[in-house]
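What follows is a set of notes on a single structure, which appears directly below.
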Amino acid sequence: MMNNENLKILLGSCSVRGLSHTKKQMLKQDYALCKQIDGLSIAVIADGLGSHPKSHKGSRTICHAVETVAREFRKGISGREKDFFALLTQLWKVRIYPDSPNECGTTCLLAIRFPNADIFLAQLGDGCIVYELDGHIQTLSRKNYEFVNLTDSIGSAFPQDWSYCCLPAINRDFCLYMHTDGLDILEEKKEWFLHSLQEETEKFTESKEVNLFLRSLLKQSWEGQLEDDRSLAYFQIKKGC
């Protein structure tokens, strides 16, 4: 997609069901969404907690709630990040009703480019966000957990439990990917993976092309790690296209 800033904005996302869930005829607990609307570019993925019986509803609901809240904050988010999380949580609770947060718990990872060109990245729970800006690869920092099976989730967390950053006025080259913990990309391969995504999507012009490519990628072997649901999103801004 081209806009009046002479930028190419390309984004896509996909979520696939893991083999264990397919064999057990379980619903997919991951959900992914990407959209460009009202000057906003939005990518969001979520991983419903397996211990919660309606986590599939929770993950789907949080992704669509992110879109709604982003539109409420479309004039800018800087300095109001915790208000964003508070409103997002409240909207999610309303939309999952009559089910409870303890039935619908989910993680959430998101990237939003606002009309003022600020990019907002945020994460609650497991997964990873990796981005490149001005030639530097960075990972959104997040809290360390004492126990590997412990994660924050919507409904049980507070606004301060989110990891986030706001990148101001991004009108130059930028790209990121984010994934749920169904993918296990080694630290030393994060940069390679991001650059591979850039190369593979170089000629794409529409989100549906990115979505199809990500689906084919997620269906691959991943060194046998296919048991869990897997979600992946890609977001790129390219200047002067």
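The values are calculated or read from the model by the stated rules, or taken from the named source; none is laboratory data. Note that the coordinates shown come from a computational prediction; the quantities given were computed from them, not determined experimentally. FYI the Cβ positions are ideal-geometry reconstructions off the backbone, even for glycines, and counts take in every protein chain you see. Calculation scope for accessible area: heavy atoms of the full protein, side chains included, ligands and nucleic acids excluded. Shrake-Rupley method; radii C 1.70, N 1.55, O 1.52, S 1.80 Å.
Per the 1.4 Å probe, what fraction of the accessible area of the range 159-232, in percent, lies on carbon and sulfur atoms?
Carbon and sulfur together cover 50 percent of it.
Mind putting a number on the dipole of the chain about its Cα centre? Charges go on the C-beta only, +1 for Lys and Arg and -1 for Asp and Glu, and I need it in Debye to the nearest 20. It would help to have the intermediate numbers written out before the result.
Working: 29 positive and 32 negative charges, 166 e Å.
Dipole about the Cα centre, nearest 20: 800 debye.
Under a 10 Å cutoff between Cα atoms, tell me which one of W162, W192, W92 has the largest fluctuation in the Gaussian network model of the chain.
Highest fluctuation among the options: W192.
Given a cut-off of 26 Å, name the pairs among K35/K57; K208/K239; K82/K189; K35/K203 whose C-alpha atoms lie farther apart than that in the structure shown. Don't skip to the answer; put the middle values down first.
On the way: K35/K57 20 Å; K208/K239 21 Å; K82/K189 32 Å; K35/K203 19 Å.
Checking Cα-Cα distances, K82/K189 exceed 26 Å.
At 1.4 Å probe radius, can you tell me the per residue accessible area of the chain in Å²?
Spelled out: the 1.4 Å probe surface of the chain, per residue, equals 48 Å².
How large is the helix-only mean residue ellipticity at 222 nm for the chain, computed as the sum of -39500 (n - 2.57) over DSSP H runs with n ≥ 4, divided by its residue count, in deg cm²/dmol to the nearest 500?
Here the helix-only value at 222 nm equals -8500 deg cm²/dmol.
Could you work out how far apart the two model spin labels at N116 and L27 are, taking each label as a point 7 Å from the Cα in the direction of the beta carbon, and quote it in nm?
3.8
Whenever you get a sec, compute what percent of the accessible area on the range 61-114 sits on carbon and sulfur atoms (1.4 Å probe).
C and S fraction of accessible area: 47 percent.
Obtain the nm distance between the two label points defined at S100 and T68 by a simple spin-label model: each point lies 7 Å from its Cα along the Cα-to-C-beta direction.
2.2
By the scheme Lys and Arg +1, Asp and Glu -1, what is the net charge of all other residues having a beta-carbon under 12 Å from that of E202?
Numbers: positive: K8, K203, K238; negative: E199, E200, E209.
Net charge around E202: 0.
Tell me which label goes with the value of mean projected area of the Cα convex hull in nm² computed from the coordinates here: [x] 20.8; [y] 12.5; [z] 15.1.
Among [x] 20.8; [y] 12.5; [z] 15.1, the one derived from this structure is [y].
Taking Rh as the Kirkwood radius computed over C-alpha pairs, what is the Stokes-Einstein D of the range 150-189 at 37 °C in a medium of viscosity 0.692 mPa s, expressed in µm² per second?
D = 238 µm²/s.
Would you kindly state how much longer the chain becomes between T139 and Q36 on full extension, computed as 0.36 nm times their sequence separation minus their alpha carbon distance, in nm to one decimal?
34.7 nm
Specify which residue in the list L232, I62, V94 is farthest towards the positive end of the charge dipole of the chain, using unit charges on the beta carbon of Lys, Arg (+1) and Asp, Glu (-1), about the Cα centre.
Of the candidates, V94 comes out farthest on the positive side.
Report Rg(Cα)/(2.2 N^0.38 Å) for the range 40-136, keeping two decimals.
Cα Rg divided by the expected 2.2 N^0.38 Å: 1.11.
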